[in-house]
Every structure is written in structure tokens, then in C-alpha cells.
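No lab work stands behind these numbers, since they all come straight from the coordinates. None of the values given here were measured: they were computed from a predicted structure. Quick reminder, even Gly has a Cβ in these numbers, built from the backbone with ideal geometry, and neighbours come from all protein chains shown.
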Amino acid sequence: MPIADFPTVLKIKDPIHGYVSLTALEKEIIDLRLSQRLRYIQGPAGLSLVYPGAAISLMGRTFGFMHMTEVFLEYLGGEVDEVLKGRLASLLLMLTNGPWANVSEEYLSVRGVDRPKIAKIIVEQSTVGDLVEKHGFTKNEVIDLIHKGIPIRGLRLDLIHCPINPELIDDLIRDSYFAGVEYAQLEFRRLFSATRIAKNKIAVERSSLFTLESYLSAAANMFEAVYFHKTVRAAELMLLRVLDEAGSQLFALPTEDSESYLRCDDLTFLHRLLHVNPDDSEEIRTANRIFDDFSRRNLIKLASSRAISDPTFLGRLSTADGIYGLEKEIADDAGIDPGHVYIDFPDRISVTFYPGRFGFEDLALFERGSSGYEFWHATDLSPMARSFSRILKPVRVYTTRGYRPKVKKSADRVLESVDTPGSQ
């Protein structure tokens, strides 16, 4: 379906995809203040401290996500109306972002506020809801696009969890380009053209297994070299600590004051953290000290790292209380304040992508045989897809300058007690 089929009113030049067209509704939403703030939010928040060229605003990512969703739905055989709904859903998902993007997403998720919930608030409580109704949608219909998925060929396509993920593909290509690394070489159009909806799930032609694996390989490479880079994560962990210390004093939760939340961007945080007075709370002054170190690139340092497969231990890390408990255990053993210890592992929400974030075990491969279509789980035929469900996870312990020897000794002792040497 050519782009000419869309009732477009504006074209935006994107360095990755060329010209990206906008409909009248999309333009009116983009022109809102709550959308324009995306120009002043960078994500991933710590990326530019390692790759200076990758100071990427969420505005560019918004156009990229919308465009990739459009292309993907076209290849799936979507009608104009379905593609327009997909683009609208991707736009709404980008509007849910708060300052520091991936960092605030984890902060909010721990407090029970995820992207679908924020999208619902935006439609119900902001001008966006009035605009979608003006252009022929109902608010409930638009909310369902996020919560139930995009209706296409008998399937509700979930843009957040879809294994062939338009947002991730745009992130991989965009971040690789601006970071100046070449780890995300993938033919997304070839991948999209080999993708079908079959048996109410996403399926890829078996003959295109290599194309699928190039996508999985690009994602794994970017995880190792960019998204879980030890310095990128050090910066993001410090920003997380800033929010843990004083998040409630920096911005309101969208569930409490959506209008205030939708005015916030990175500059909002920067201004507040650079203007701390002696009579401010201890929490905000602590946040100021951490942010000052972040701004000077005086980052926390990796003290210990170990690959762990013990499900009980990894389960402990799946909650904020579990992470804090481990940080306190290491700090107490080292005789220092827990504020000097930071725990990291791949499955945190603030990690832009990690193997296992999407359910590749649910992704099917298909082939037309003499008696009809045959299907296999992608993990049955693809070693790369199978590796994404591996149990072994790298757990890292960081600390502030001056405490590395103490923390390394304590952290090594704690982590080495979990798995026996060489265990899987």
C-alpha cells in the first residue's frame, strides 16, 4: 500500500527513513506542548556519555516508530484504516515517556505506572482525547489500541510486546547510526516481507530464517555493545538513584497530576537539580550531589560482575525491594552506607533491550508443504532465538569512587556463593 493512500498534510525529513508523512490528526497531536517536550528528552538517557553522537531526542524516535509501524502493518496486509490506527498507537506510546526516558520508565513501573496506563491517562485527561474525537475516533477505541492491540487480519497486534518489534527495529538502526557503531546490520524490509499472521500469532517464513537471525543478532550485539555497556549503565543507574532519592520532588506521577507530568522534560530536571538551596530537603540535596557527579562524568565504577543462573537469586532481583536488600547486604558486609552500592542486571526495565524482553519462544516459523502449512517454534530451529531464553544472567555491582576494594571483596563473596563454579 503506497504512502499516497494516506491523507497526509506534512512531510518530515528523517535521517534514517527519509521523508516521514503525517496526517492532519498526527500533526495536531505533534504540535501540542505535551508532544513538543519530546524534543528535550534524550533516550537512552546514558547513551551520549559513551557515544557523544548519540544524543538522540525522543522526537526523532517518535517519527521513526510511527514509520516502522506503518511499513510493518503494510507488509502484514493491513488496510489504510488499520495502518493509521497503528501509527496513532505508536505516537501515543511515545507520548508516555517522561524525562530521562528509559530511566523514568523503570521508576514509574516500579510504582505501578506503565506505558499503557499513562497512554490511557493521556487520552482521557489531555487535549489528545479531544483531537482523536474530532477526527472520528472514540476515546475508548484509541485506548483499546494500546491495551488490546491493533486489529489486523483477525489478530490484535501488541506493539509493546510483538517479537518482530517496529520500535526496537527503529531503535537498533537509529542508535547504531548515531553512535557510530555497525552492529545493527539488518534488512528490515526483507524481514517484514517474510512475516505473516498465522494461527493468531506472528510467523516468519522458514526460508527466511537467516533474515530473522540477522535481526536477533543485531539486537544481541546492540545489547552487549550499547544498551548494557558498563558505562552507559553506570550513568543510568546514577539517574535512577536520583529518582529513587527525590523523584517525588522532581515531578508528579501521571496518576496524581497528569498535566504537570506532561510538562516535564530533561530540562525540567536539569533546572531543579542545578538550583538546590541549603533549606531544601536532604533527599533533594543527595540527588543534587549524585547528579553533579553524573554531569561531570564522575561515574560509579564496576566493582564486581558474575554470570548467575540461580532462579531464586534472579527472582530476588526482579523487585525493587530485592535489589535494595542485596545492595544493603553487600554494603553492610563492606562497612559502608548502602547509598554507595548499585546492583545491575539485564532484565531491568531501564535497559532499552535485553535478550528475553520479547517472547521469541512464541514466534513461529512456517513453510508450505504438500499437505498444507507446517509450523515450528522459532526456538526449535534457531539457535539464536533459543539463546535469548537462556537463564544465565550477568549481575554487576557498582560503587562510588574510593570504595571499590571494599565493595569488590564483599560483592565477590556474595555473588560467588550463589552458583557453584562452572554451573549453568
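Structure summary
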item: Gyration tensor (Cα) of the stretch 15-57, equivalent ellipsoid semi-axes in angstrom; result: 25, 15, 5
item: Across Lys85/Lys139; Lys117/Lys393; Lys13/Lys148; Lys301/Lys408; Lys139/Lys199; Lys120/Lys393, pairs whose alpha-carbon gap is larger than 22 Å; result: Lys117/Lys393; Lys13/Lys148; Lys139/Lys199; Lys120/Lys393
item: Span-rule helices in the chain, defined as complete DSSP H runs reaching 27 Å or more along the axis (Cα) with Kyte mean at least 0.0; result: 230-250
item: Translational D in µm²/s for the stretch 125-227 (Stokes-Einstein at 20 °C, 1.002 mPa s, Kirkwood Rh from C-alpha pairs); result: 136 µm²/s
item: Neighbour cut-off at most 14 other Cβ (10 Å), DSSP loop, GluC sites (Glu not before Pro), the stretch 212-315; result: Glu256
item: Fully extended contour minus Cα-Cα distance, from Phe375 to Ser193, at 0.36 nm per residue; result: 63.8 nm
item: Inter-site label distance for Ser281 and Glu329 at 7 Å from Cα along Cβ, in nm; result: 3.0 nm
item: Distant-in-sequence amide H partners of Ile41 (H built 1.01 Å from N, under 5 Å); result: Leu58, Met59, Asp266
item: Linear extension gain, Glu367 paired with Gln249, 0.36 nm per residue minus alpha-carbon span; result: 36.9 nm
item: Cβ-defined net charge surrounding Ser176, 12 Å radius [Lys, Arg +1; Asp, Glu -1]; result: -3
item: Average Cα contact separation per residue, the stretch 79-143, under 8 Å, 6 or more apart, as relative contact order %; result: 26 percent
item: Gain on full stretching of the segment that runs from Ala320 to Arg153 - 0.36 nm per residue minus C-alpha separation; result: 56.2 nm
item: Kirkwood-based shape ratio for the stretch 17-130, expressed as Rg/Rh from alpha carbons; result: 0.98
item: At most 15 other Cβ within 10 Å, DSSP loop - GluC sites (Glu not before Pro), the stretch 56-105; result: Glu79
item: Contact order relative to length of the chain, as percent, for alpha carbon pairs under 8 angstrom and 6 or more apart; result: 17 percent
item: Sorted by Cβ neighbour density within 10 Å, fewest at the top, the residues Asp257, Asp321, Asp266; result: Asp321, Asp257, Asp266
item: Partners for Lys406 among aspartates and glutamates (Cα-Cα distance below 15 Å; same-chain residues under 8 apart left out); result: Glu327, Glu329, Asp332, Asp333, Asp337
item: Where Rh is the Kirkwood radius over Cα pairs, Rg/Rh for the stretch 70-132; result: 1.06
